[in-house]
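Worksheet for the structure shown next.
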Amino acid sequence: MDTESLYLEQIFLFEDSYSQKKAKVTSYYADSSSGELQSWELDYENIANYTTTNNGMIAFTIPYNYISEDEAQYDDAVLNYFINPDTLRIKVTYIDQELDAQDSLGYCIENKRR
């Protein structure tokens, strides 16, 4: 989250028909530079395989390809996700082409489908 935009992500963990563990991330953003929250817009959607680390963390990486309004500013980066399934704490690390990293921390809200 920055001062001008808010982000909301839906993360679904599932197994596909080949029993591969998958994570589907749908990310939305809303402009808040005017001080008022604008409507949510789709930022990106992607699916990746996930693994469980030795200490039980759910980990996966997805590409983040973003083209700003200025087409000369093409951002080719990755997002590394780490989720603690016990506490639901999440850490997302954004890494761009210059290997600059930016961490975002937060918590997930569990919503089990029936």
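The values are calculated or read from the model by the stated rules, or taken from the named source; none is laboratory data. Quick caveat, the model's predicted, so the values are computed rather than measured. So basically every Cβ, Gly included, is an ideal-geometry build from the backbone, and we count neighbours across all protein chains shown. These area figures cover heavy atoms from the full protein model, side chains too; ligands, DNA and RNA do not enter into them. Shrake-Rupley method; radii C 1.70, N 1.55, O 1.52, S 1.80 Å.
Near residue 108, the amide H atoms lying under 5 Å from its own belong to 89, 90; only residues 5 or more places off or on other chains count, and H is placed 1.01 Å from N. For residue 50, the residues whose amide H sits under 5 Å from its own are 21, 22, 23, ignoring neighbours fewer than 5 places away on the same chain, with H placed 1.01 Å from N.
Could you compute Rg(Cα) / (2.2 N^0.38 Å) for the chain, with N its residue count?
On the way: Rg = 15.2 Å, N = 114, 2.2 N^0.38 = 13.3 Å.
Normalised by 2.2 N^0.38 Å, the Cα Rg of the chain equals 1.15.
Around the amide H of residue 43, modelled in the peptide plane, lie the amide H atoms of 27, 28, 29, all under 5 Å away and 5 or more residues distant in sequence or on another chain. Using θ = phi - 60° in the Karplus curve 6.51 cos²θ - 1.76 cosθ + 1.60, the 3J(HN,Hα) couplings for the range 20-36 round to 8, 6, 10, 10, 10, 10, 10, 10, 10, 9, 9, 6, 9, 5, 7, x, 10 Hz; x is entered for Gly and Pro. Which value, in Å², gives the accessible area per residue of the chain when a 1.4 Å probe is used on the protein heavy atoms? Ligands and nucleic acids excluded, the result is 75 Å² per residue. Using θ = phi - 60° in the Karplus curve 6.51 cos²θ - 1.76 cosθ + 1.60, the 3J(HN,Hα) couplings for the range 44-53 round to 6, 9, 7, 10, 9, 6, 10, 10, 10, 6 Hz; x is entered for Gly and Pro.
Sequence gap at least 6, Cα distance under 8 Å: using those rules, report the relative contact order of the chain to the nearest whole percent. Present the calculation step by step, with values, prior to reporting the outcome.
Working: 220 pairs, mean separation 16.5, N = 114.
Value for the chain: 14 percent.
Can you work out the Karplus-derived ³J(HN,Hα) for every residue in the range 83-95? Use 6.51 cos²θ - 1.76 cosθ + 1.60 with θ = phi - 60°, whole Hz, and x for glycine or proline. My calculation for the range 83-95 gives 10, 8, x, 7, 9, 6, 6, 10, 10, 10, 10, 8, 10 Hz in order. Calculated FRET efficiency, residue 52 to residue 94, Cβ-Cβ distance, R0 = 30 Å: about 0.85 to the nearest 0.05.
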